[in-house]
Amino acid sequence: MERYYKEIYEASQSDKEKVAWCSSVGPAEILIAAGFKVYYPENHGALIGAKKLATKYIIKANSIGYSPDICSYLTSDIGAYLMNETPLKDAYNVPSIPRPDVLVYNTNQCREVQDWFKFYGNEFKIPVVGIFSPWKIKDLKKEHVEFVSNQFKNLVKELEKITQRKFDYDYFKEVINLSRECSLLWKRFLETAQNRPSPITFFDGTIHMAPAVCLRGLKEAVDYYKLLNSEVEERIKRKEGAIDNEKIRFYWEGMPIWGRLRFLSEVFEKNNSNVVASTYCNSWVFEDLSPEEPFESMAECYLKIFINRSEEVKERILVEEIQKYKCDAIIFHDAKTCPHNTNSRFGMPERLREKYGIKTLIIYGDLNDLRCFSDEQTKTLIESFPERT
Ligand code: SF4
């Protein structure tokens with residue numbers, strides 16, 4: 001990750017290379033194939049959250065009109081920019097975020113990315129390209145895929161204007177292949193949690209997912225997951241659990257609470273419980289990518305991410321996942337500033353309990369804004385869960 005951030009920064013300082021900023025489930029493969037170094041503001045937002053720096057930046061963004069109720073990745077990231085600060089300095093000795101040449105977002109996750117990227121478009125006076133995805137899909141149809149793949153093809157034309165180079169379709173297929181390989185290896189890592197005891201936790205996943213988010217489409221990500229999987233598979237052979245005494249297995253639904261990863265992982269471990277799997281980490285598995293139909297398969301993969309499915313489809317996926325990972329209960333994280341990745345507000349926990357007998361627990365918090373999270377209340381909820389159910 002250090003090399004990745006250094007390389008993008010260096011590219012932003014040179015005339016020879018171009019930098020694109022991309023939303024986290026945006027068309028990264030096209031940007032890489034067009035020759036851009038790709039930077040993800042959401043990863044920067046998560047880094048700010050994990051470093052517990054978000055509050056001062058959120059307040060700064062609020063002061064120029066961004067509400068405290070909207071995405072705290074957005075407000076953390078814009079606030080940090082306004083204050084000319086970045087955690088990349090301390091973490092990787094990278095002086096600043098890289099200056100972009102183009103900004104590309106995809107509304108498959110939320111509309112917030114549109115305003116977020118527009119802010120930077122105005123700041124840097126550079127093109128902003130949006131991919132508009134049909135929302136909350138129940139049955140994925142050919143028309144949906146065509147609608148998005150045509151936008152991907154138009155994006156290629158926009159990028160050619162910026163790079164002044166012809167798009168390399170052969171390299172694009174290679175990138176798609178690498179991205180698919182990365183996805184399959186990442187999926188294999190996540191599925192090791194089917195073992196009992198699980199050799200990994202959700203909290204491990206939130207750290208190890210960085211290459212799947214930021215380096216997919218590059219060989220480095222593939223190498224990383226090969227190494228990681230060989231280590232985890234050794235643990236499975238030794239029957240070594242991620243925690244010592246795994247009695248309760250939870251499934252995590254929703255955003256991580258970046259500034260409380262350690263706190264939460266320790267609370268669960270002390271209570272002999274492990275959060276083994278999540279919808280969040282699964283969101284970067286794009287196993288249906290195909291070099292035979294690169295645009296169409298990309299469109300399909302990016303349309304059918306969990307966050308972009310209907311309530312019925314989400315319900316079905318959650319039931320399947322809980323069975324697959326043999327979880328005793330599901331935790332819903334009600335993230336104050338991310339309604340899109342919060343699924344406890346329209347009766348989903350109640351439906352899972354009543355229709356399928358699945359035990360549920362709701363934790364209130366936020367991805368970055370720790371003012372929305374109470375250590376004590378959450379600890380009590382987790383500790384008392386076995387007695388209450
Ligand atoms: S999905 Fe949620 S956390 Fe992610 S960018 Fe959108 S609002 Fe922010």
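Every read-out reported here was derived from the displayed coordinates using simple, explicitly stated rules and does not represent laboratory data. Since this is a predicted model, take the numbers as computed values, not measurements. Backbone-built Cβ (ideal geometry, glycine too); neighbour counts: all protein chains shown.
Structure above, values below:
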| quantity | calculated |
| --- | --- |
| Among 221, 87, 20 - extreme Cα towards positive end, dipole of the chain, charges at beta-carbon | 87 |
| Nearby aspartates and glutamates by direct alpha-carbon distance to residue 270 (threshold 19 angstrom, same-chain neighbours under 8 apart not counted) | 204, 240, 244, 246, 328, 375, 376, 383, 387 |
| Lys, Arg +1 and Asp, Glu -1 on Cβ, resulting dipole of the stretch 174-388 about Cα centre, debye, nearest 20 | 560 |
| Dipole of the stretch 2-171, positive end: most advanced residue of 4, 43, 61 [Cβ charges, Cα centre] | 61 |
| Estimated dipole of the stretch 165-295 in Debye, rounded to 20 [Cβ of Lys and Arg +1, of Asp and Glu -1, Cα centre] | 340 |
| Within the chain: Cβ-based charge dipole about Cα centre, in debye rounded to nearest 20 (Lys, Arg +1; Asp, Glu -1) | 300 |
| Computed helical MRE - 222 nm, the chain, DSSP H runs ≥ 4 contributing -39500 (n - 2.57), nearest 500 | -16000 deg cm²/dmol |
| Ranking of 75, 360 by count of other Cβ atoms within 10 Å, fewest first | 360, 75 |
| Spacing of the two label points (7 Å from each Cα toward its C-beta) at residue 154 and residue 244, in nm | 5.9 |
| Of 18/324; 16/219; 16/304; 157/336, those spanning more than 31 Å from alpha-carbon to alpha-carbon | 18/324; 16/304; 157/336 |
| The chain: relative contact order as a whole-number percent, Cα under 8 Å and 6+ apart | 19 |
| Farthest toward positive dipole pole in the chain [+1 Lys/Arg, -1 Asp/Glu at C-beta], among 201, 182, 272 | 272 |
| Normalised contact order of the stretch 2-171, rounded percent, pairs of Cα under 8 Å and 6 or more residues apart | 24 |
| In sequence order, calculated HN-Hα J values of the stretch 171-183 (Karplus, 6.51, -1.76, 1.60; Hz; x Gly/Pro) | 5, 4, 5, 4, 5, 4, 4, 5, 5, 5, 4, 4, 4 |
| Computed E for residue 83/residue 15 - FRET, C-beta separation, R0 25 angstrom, nearest 0.05 | 0.30 |
| Contour excess over end-to-end distance, with Cα ends at residue 226 and residue 184 and 0.36 nm allotted per residue | 14.1 nm |
| Largest-first principal axis extents, alpha carbons of the chain, Å | 64, 48, 39 |
| Packing-based exposure ordering (other Cβ within 10 Å, fewest first) of 137, 330, 97 | 137, 97, 330 |
| Gyration tensor over alpha-carbon atoms, the stretch 1-128, equivalent ellipsoid semi-axes in Å | 22, 18, 13 |
| Length added when fully stretched, residue 132-residue 262, from 0.36 nm per residue minus Cα-Cα | 43.2 nm |
| Square roots of five times the Cα gyration tensor eigenvalues for the stretch 174-388, Å | 28, 21, 16 |
| Sequence of 223, 334, 244, 15 once ranked by neighbouring C-beta atoms within 10 Å, starting from the fewest | 15, 244, 223, 334 |
